[in-house]
Amino acid sequence: MIRVLTAAAILAVGMNAEFAKNAEFSFFSLRPLRPLRSSWTGLVQTNPGEPVRTPLLQNDTLAVTELRFDPGTREAVHTHPFPLILVQTTSGSISVQEQNVTRRGDKIGEVWFVPADRTHAVTTLPNQQKAIDMLAIAVLPNRPPAPTAPATEAPPGIARATLVDNDVVRVVRVRFAPGSAEPIHSHPNDLLTIQLTPGKLGVTMGTEHQTQERPGGYVHFLPRNLQHSYASEDTKPFELLSIAIK
């Protein structure tokens, strides 16, 4: 039987008061700055074969949930009434079945786009001996409309590779060399960035600036038309995903 999961089901219990009480938030991010697995009791695992789901954020545009797949975890085949982006944030052998096509992933930064109402399921492979983390980004169907914006040239020291570009999202993998920096700019659409490899960033948003040590998996939502920039303050390269919601 194919199950249909709503955004609320993906988020499990949502951003409730217990979540807010145990989380430390930054002006620069809607993701808690410290992991909550040990302290937050709102985690939901519908059965031992399903991933553990940790809600990270939800707003009018998207809902982000961290999924932890222990060895042997196998999702039931299901659908969503909205598009979904899956991002692998730790290494390990996993497969995503989408209708009759199966694609394996084993590296940090693997990305799958699942259209609305498309059957799919995620499974750890038999040789996998440790847990694998992924992020599920639900693009909400009633999100405020945004104009399309063309891709721009990357500044010196910053390399970009487009992974997905359709009528819903543009997903770009970005590599910052040490000392590279974006100019102050804005986007006409909402943006989500996901740190793939750890890095030290200088982040400017509006009139505020902050230096942050961001671990892999760090999630940052930037609302449309916000003046902002990222700069590397690290001695080594780092990579992130930039997801523009159309």
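Brief remarks follow.
- Fewest-first ranking of H209, H120, H80, using other Cβ atoms within 10 Å as the exposure measure: H209, H120, H80
- Length added when fully stretched, A116-R173, from 0.36 nm per residue minus Cα-Cα: 18.2 nm
- Cβ-based net charge around P150, under 14 Å, with every Lys or Arg adding one and every Asp or Glu removing one: +1
- Percent of Cα-Cα distances greater than 22 Å, calculated over the stretch 158-245: 19 percent
- Per-residue HN-Hα couplings for the stretch 149-156 [Karplus 6.51, -1.76, 1.60; θ = phi - 60°; Hz; x = Gly/Pro]: 10, x, 5, 10, 5, 6, x, x
- Derived scalar couplings ³J(HN,Hα) [the stretch 202-212; Karplus, 6.51 cos²θ - 1.76 cosθ + 1.60; whole Hz; x for Gly, Pro]: x, 10, 10, 9, x, 9, 9, 10, 8, 9, 10
- Contour excess over end-to-end distance, with Cα ends at K236 and A149 and 0.36 nm allotted per residue: 28.3 nm
- Cut-off under 5 Å, modelled amide H: who pairs with R118 long-range: H80
- What the phi angles of the stretch 66-81 give under the Karplus curve with 6.51, -1.76 and 1.60, with θ = phi - 60°, is a coupling list of 8, 10, 10, 9, 6, x, x, 5, 9, 6, 6, 4, 8, 9, 10, x Hz, glycine and proline written as x.
- Value of relative contact order over the stretch 100-246, rounded to a whole percent, pairs C-alpha under 8 Å and six or more apart: 26 percent
Laboratory data are not the source of any read-out in this text; all were calculated from the coordinates shown. Please read these numbers as outputs of a predicted model, since none were measured by experiment. Please note: Cβ atoms are built from the backbone with ideal geometry, for glycine as well, and neighbour counts cover all protein chains shown.
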